[in-house]
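The next block holds one structure in the form of structure tokens; read it before the comments.
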Amino acid sequence: MALPLTYNIRNVFIRWRATLATILGVALVVAVYVLVQSMAAGLEKASANTGDPRNLLVVRKGSTAESSSQVKLEQFKLIRYMPGIAHDAQGQPLVSADVIVLISLPRRENQGEANVMVRGVSPMGKALRPQVALVEGRWFTPGKREVVVSRRLARRFANFDIGGKFKTGGKELTVAGIMDAGNSAFDSEIWMDSDEARSIFDRENYSSVLVRMENPAAGKSLADRIEADKRLPLRALPETEYYASQTTTAIPIKILGNFLAIAMSIGATFAAMNTMYASVGSRTREIGTLRVLGYRRSSILASFLVEGAFLALIGGVLGCLLALPLHGYSVGTMSFETFSETVFQFRITPFLAMKGLLFSILVGLVGSLLPAIRAARLPVIAALKSV
């Protein structure tokens with residue numbers, strides 16, 4: 001017959017001093033694992049939250065990002081008046097030719113410099129990206145060397161307050177407003193007028209073209225037309241699909257998280273094993289009594305495994321609670337696609353917390369296996385004679 005669970009639960013709390021170190025060790029492992037994985041989840045969420053399913057993004061064939069793409073002025077003019085593109089109330093096509101430029105700017109509090117992405121947008125650019133909203137100041141005025149910066153970048157870089165000025169490309173730019181991009185990739189950008197950006201940064205071509213389609217069928221037709229036109233060495237894909245693919249930066253973070261979790265779990269496993277061996281040593285006579293009462297070796301083995309798993313689960317819950325305060329906290333890292341500062345939030349999802357708990361249980365089971373086998377193999381007579 002199986003030992004009741006209350007027996008294991010009681011033993012964990014009765015010997016709380018011996019088990020506290022193991023619980024804290026497992027909690028630390030789970031907290032680090034959850035936090036690192038939540039960084040990757042935040043990066044992926046920022047990319048997945050970017051774009052409008054009604055939009056098509058046109059870039060050069062072979063380019064993996066807008067920053068490495070070029071669209072000539074005459075190519076933009078051809079695309080602008082193609083059939084199937086939606087128009088605004090004034091009859092103007094909803095098309096934006098964008099310019100992407102990387103500049104290096106100083107961080108706040110003299111914490112060095114980092115690359116920041118500047119996006120030059122056409123007058124229709126704001127209408128094509130409804131998730132971007134102005135929260136302070138005003139939108140830039142073309143021709144006045146004004147920019148609008150994201151709220152998250154404003155917290156991280158110097159001179160990004162309203163009215164602040166910074167120099168780049170030998171020109172001085174003024175911050176006219178601050179925007180919020182709704183936790184999307186645009187939270188990592190500075191916006192200004194596209195033609196002014198071409199002039200200031202001496203760019204002959206645009207980087208990409210964003211178009212709003214009348215319907216999904218028109219989008220597919222336009223993509224096929226661009227693909228077949230020999231004058232246009234370009235490709236068109238849904239804007240949401242493009243940004244969903246820009247998650248390369250999350251891969252090394254996930255690998256790092258798994259590596260740290262494995263390395264630290266080895267220590268936590270030995271801590272659990274040490275605790276369970278000590279538990280077996282202090283309960284030798286108790287184990288012998290259980291055998292006399294009719295409990296089988298398999299029941300004792302399972303009982304110690306359950307106890308170790310429960311011990312680690314407490315640590316897992318504590319680890320998730322330790323990581324939880326950082327949910328929603330904004331951080332930045334370098335994007336491997338654009339080599340610019342990417343701002344994102346820690347995202348501790350229920351699925352990620354569940355993975356952390358399952359990971360803690362696994363550590364507990366592995367750490368309890370050898371002590372459980374030793375407990376199950378104790379000779380009855382020797383166990384009863386122990387002091």
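Does the range 163-188 hold any residues that are out of contact with any Lys or Arg (no Cβ under 8 Å at 6 or more places or on another chain), assigned to a loop (DSSP other than H, G, I, E, B) and more than 15 Å from Arg119 (Cα to Cα), and which are they?
Gly163, Gly164, Gly170, Gly182
Please count how many residues of the range 121-146 are surrounded by 16 or more Cβ atoms within 10 Å (Cβ to Cβ) and among the hydroxyl-bearing types (Ser, Thr, Tyr).
Adding up the residues that qualify gives 1.
May I ask you to say which residue of Gly91, Gly84, Gly42, Gly62 is at positive phi and under 30 Å from the mean Cα position of the chain (by Cα)?
It is Gly62.
Within the range 165-200, track down each residue that is crowded, with 19+ Cβ neighbours inside 10 Å, more than 25 Å from Glu241 (Cα to Cα) and not charged (D, E, K, R).
The answer is Phe166, Leu173, Val175, Ala176, Ile178, Ala197, Ile200.
Mind counting the residues in the range 342-380 that are over 11 Å from Ala312 (Cα atoms) and among the aliphatic types (A, V, I, L, M)?
13
Which one of Thr269, Thr333, Thr342, Thr275 is outside any helix (DSSP H, G or I), touching a helix residue (DSSP H, G or I) at 6+ places or on another chain (Cβ under 7 Å) and either at pLDDT below 85 or of a type outside the set (Gly, Ala, Ser) (or both)?
Thr342
Mind checking which residues of the range 101-120 are surrounded by 13 or more Cβ atoms within 10 Å (Cβ to Cβ) and of a type outside the set (D, E, K, R)?
Scanning the range 101-120 gives Val101, Leu102, Ile103, Leu105, Pro106, Ala114, Asn115, Val116, Met117, Val118, Gly120.
Look at the range 219-246 and say how many of its residues are of a type in the set (A, V, I, L, M, F, W, C), part of a helix (DSSP H, G or I) and modelled with pLDDT of 85 or more.
Here is the first cut: in the range 219-246, the ones of a type in the set (A, V, I, L, M, F, W, C) are 222-223, 226, 228, 232, 234, 236-237, 244.
Next, only the ones that are part of a helix (DSSP H, G or I) stay: 222-223, 226, 228, 244.
Those still in the list that are modelled with pLDDT of 85 or more too: 222-223, 226, 228.
Here the count works out to 4.
Please go through the range 161-198 and pick out each residue that is of a type in the set (A, V, I, L, M) and either without any contact (Cβ under 8 Å) to a residue 24 or more places away in the chain or more than 30 Å from Lys72 (Cβ to Cβ) (or both).
Ile162, Val175, Ile178
The values are calculated or read from the model by the stated rules, or taken from the named source; none is laboratory data. Values in this document were obtained by computation on a predicted structure and should not be read as measured data. Using ideal geometry, Cβ is built from the backbone for each residue, glycine included, and neighbour counts are taken over all protein chains shown.
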